[in-house]
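Peer 1: Before anything else, here's the structure in question.
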Amino acid sequence: MNVTEYTLEIVGELQRSAKLMLGTSSTGSEALVEAIIQSRKIFVAGAGRSGLMVKAFAMRLMHLGLDVHVVGETVTPGLGKEDLLLIASGSGETKSLLSMAKKAKELEAKLAIVTIYPESTIGRLADIKIRLPGSPKDQSESSYHTIQPMGSLFEQTLLIFFDATILSLMEKQGLDSSSMYGNHANLE
């Protein structure tokens, strides 16, 4: 296959993933939207490529005018009772993220996870669980087929899910792209 043919195959995989989400993630998705709206501050965390996707989500939340922070940045404040920690983790078992999840529960913050495995250790701790289809990094133990390497399909689905969540937040807050632009970086 050439690059264009691979691109078409990836888009097909993403369409199949989106269709699989119809019945499995809508309750958690709406709970996440409400938790974002109700939270004083929103904190996001992820590792590797999932971390990059959740950082992109944080940027859009900032464009919405929300008080959002990426865990691990030097300017990230402390997490508190009225706050939300959102973790993106395909496995739900990443040690550094598990540590954060446990700390969030100790601090009585709300905990949400977007994952392939809602029954994972972090999933069991979470108040809000969103299951996205996808294959784990080690595809030998997965029945979900993808031509893509490692967790690429999950990470792409994650970004699309987060963008769809932004659209829902925009609708609920009566915002559009032009109203968000005032929060866009201007030192570029």
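Peer 1: Using Cα positions and a limit of under 20 Å, work out the lysines in reach of K95, with same-chain residues fewer than 8 apart set aside.
Peer 2: Leaving aside lysines fewer than 8 places away in the same chain, those within reach of K95 are K55, K103, K105, K110, K129, K137.
Peer 1: How would you rank M170, M53, going from fewest to most other Cβ atoms within 10 Å of each one's own Cβ?
Peer 2: Arranged by neighbour count, lowest to highest, M170, M53 become M170, M53.
Peer 1: Sort K103, K41, K110 so that the residue with the fewest other Cβ atoms within 10 Å of its own Cβ comes first and the one with the most comes last.
Peer 2: Fewest-to-most ranking of K103, K41, K110: K103, K41, K110.
Peer 1: Also: Any idea which of M1, I37, Q15 is furthest toward the positive side of the dipole for region 1-74, if Lys and Arg beta-carbons carry +1 and Asp and Glu beta-carbons -1?
Peer 2: I37
Peer 1: Also: If you rank T157, T4, T74 by fewest surrounding Cβ atoms within 10 Å, what's the result?
Peer 2: So the ranking, lowest neighbour count to highest, is T74, T4, T157.
Peer 1: log10 I(q)/I(0), Debye, Cα-only region 23-128, no solvent, q = 0.14 Å⁻¹?
Peer 2: Here log10 of I(q) over I(0) equals -0.47.
Peer 1: Continuing with the same structure: Volume per residue, Å³, of the convex hull around the alpha-carbon atoms of region 2-84?
Peer 2: 130 Å³
Peer 1: Along each principal axis of its Cα atoms, how long is the chain end to end? Whole angstroms, biggest number first, please.
Peer 2: Principal extents (Cα only, largest first): 47, 39, 32 Å.
Peer 1: Summing -39500 (n - 2.57) over the DSSP H runs of n ≥ 4 in the chain and dividing by its residue number, what mean residue ellipticity at 222 nm do you reach, to the nearest 500 deg cm²/dmol?
Peer 2: Value at 222 nm, helices only, nearest 500: -16000 deg cm²/dmol.
Peer 1: For region 51-113, what is the convex hull volume of the alpha-carbon atoms per residue, in Å³?
Peer 2: About 87 Å³ per residue, rounded to a whole number.
Peer 1: P(r) tail for region 21-60, what percent of Cα pairs lie past 14 Å?
Peer 2: 59 percent
Peer 1: Students often forget the sequence filter, so: which aspartates and glutamates lie under 20 Å Cα-Cα from K19 once same-chain residues fewer than 8 apart are removed?
Peer 2: In chain and number order, the partners are E9, E30, E155, D163.
Peer 1: Only Cα pairs under 8 Å and at least 6 apart count here; give the relative contact order of the chain as a rounded whole percent.
Peer 2: That works out to 23 percent.
Peer 1: At a Förster radius of 30 Å, what calculated FRET efficiency corresponds to the Cβ-Cβ distance of V11 and R124, to the nearest 0.05?
Peer 2: Computed FRET efficiency for V11 and R124: 0.30.
Just so you know, all these numbers are worked out from the coordinates, no wet-lab data involved. Model, not experiment: these values are computed from the prediction. As a convention, Cβ positions derive from the backbone with ideal geometry for all residues, glycine included, and neighbour counts pool all protein chains shown.
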